[in-house]
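Everything on this sheet refers to the single structure shown next.
The values are calculated or read from the model by the stated rules, or taken from the named source; none is laboratory data. The model shown is predicted, which means the values in this text are computed figures rather than measured ones. Every residue, glycine among them, receives a Cβ derived from its backbone with ideal geometry; neighbour counts consider all protein chains shown.
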Amino acid sequence: MKWFFVLFSLFASVSYAGGDGEITTPAQLIGLPGYCRGTQQVRNVSQDPTPMSAYVEKYGYTYTHLHHYCWALNTENSIAMNNPKDGRFWLGTAIENIDYVLRNNQDPKFILLPEIYASKARILFKMDRPDDAVPWLKKAIALRSNYSPAYARLSDYYVEKGDKAEAIKILKQGIAKSNKSDMLIHRLRELESQNGAAAKTGTPK
């Protein structure tokens, strides 16, 4: 009988996550990209009236698999955060859902790929796997050279490593490619200000 309750608890835990972070309530849609509302299964919750065919025409066939990416974001936003003890496990399931979309994508120019790459990097950083995360940021930049969020997170990575010079270099590259992104310019000014203050006090940059 004891084992029955243990197994029941495990099943309930998986059910809570919808098995894969499935979105089951309107509240879970808050904070997710708007395009998630029209994806398979999620549209049952959002009640999006737009035909799936309209989204496929807009985004491409990969949109039919995109609910897995939305599940991944839901897992990251709510399930992993609300279960800190098992957070790493749930973040791992988010990565699996992202990888599902990437495996089933046949369009190398799928418009949402840079965002998906950056999201995968973000989750890997949360899992303390920076060496695995960085290549995905670089893939996002290679695919869309003006994708500011990837430059921003990559520069943060080098700041965390103590290499502010490389972080500044990345930001300057991003600014040049992104038509002078305000976000990147602000970060660059902050970093250069910190470097200048360090130089005046004689502390390491």
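Remarks
- Of the criteria (1) part of a helix (DSSP H, G or I); (2) of a type in the set (Gly, Ala, Ser); (3) modelled with pLDDT of 50 or more, which one Ser9 fails: (3)
- Residue that is within 30 Å of Glu22 (Cβ to Cβ) and outside any helix (DSSP H, G or I), where the choices are Asp132, Asp128, Asp99: Asp128
- Residues of the range 17-46 satisfying the condition of being within 18 Å of the chain's Cα centre (by Cα) and in a helix (DSSP H, G or I): Gln28, Leu29, Gly34, Tyr35, Cys36, Arg37
- Filter result for Val101 (farther than 15 Å from Cys70 by Cα and either of a type in the set (Val, Ile, Thr) or under 9 Å from the mean Cα position of the chain (by Cα) (or both)): no
- Residues (at pLDDT below 95 and either under 18 Å from Pro114 (Cα atoms) or charged (D, E, K, R) (or both)) located in the range 39-93: Glu76, Lys85, Asp86, Arg88
- When Val134 is tested against the conditions (1) closer than 22 Å to Ala27 by Cα; (2) free of Cβ contacts under 8 Å to residues at least 24 places away in the same chain; (3) of a type in the set (Val, Ile, Thr), the lone failure is (1).
- Residue within the range 79-86 that is crowded, with 19+ Cβ neighbours inside 10 Å, out of contact with any Gly (no Cβ under 8 Å at 6 or more places or on another chain) and at negative phi present: no
- Odd one out for Leu113, checked against (1) buried (at least 19 other Cβ atoms within 10 Å of the Cβ); (2) over 21 Å from Glu22 (Cβ atoms); (3) at pLDDT below 95: (3)
- Candidates Phe125, Phe110, filtered to the one that is among the aromatic types (Phe, Trp, Tyr) and within 28 Å of Val56 (Cβ to Cβ): Phe110
- Selection status of Tyr55, without any contact (Cβ under 8 Å) to a residue 60 or more places away in the chain, over 18 Å from Asp132 (Cβ atoms), of a type in the set (Phe, Trp, Tyr) and surrounded by fewer than 17 Cβ atoms within 10 Å (Cβ to Cβ): no
- Any hit, the range 102-121, residues being free of Cβ contacts under 8 Å to residues at least 60 places away in the same chain, among the small types (Gly, Ala, Ser) and not in a helix (DSSP H, G or I): no
- Unmet criterion (only one of (1) closer than 28 Å to Leu66 by Cα; (2) touching a residue at least 24 places away in the same chain (Cβ under 8 Å); (3) surrounded by fewer than 19 Cβ atoms within 10 Å (Cβ to Cβ)) for Lys164: (1)
Conditions tested, residue by residue: (1) within 21 Å of the chain's Cα centre (by Cα); (2) at pLDDT below 95; (3) among the small types (Gly, Ala, Ser); (4) not in a helix (DSSP H, G or I).
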site	(1), (2), (3), (4)
Asp156	yes, no, no, no
Val159	yes, no, no, no
Ala167	yes, no, yes, no
Ile175	no, no, no, no
Lys180	no, yes, no, yes
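- Glu192 vs. criteria over 28 Å from Ala72 (Cα atoms) and surrounded by fewer than 17 Cβ atoms within 10 Å (Cβ to Cβ): yes
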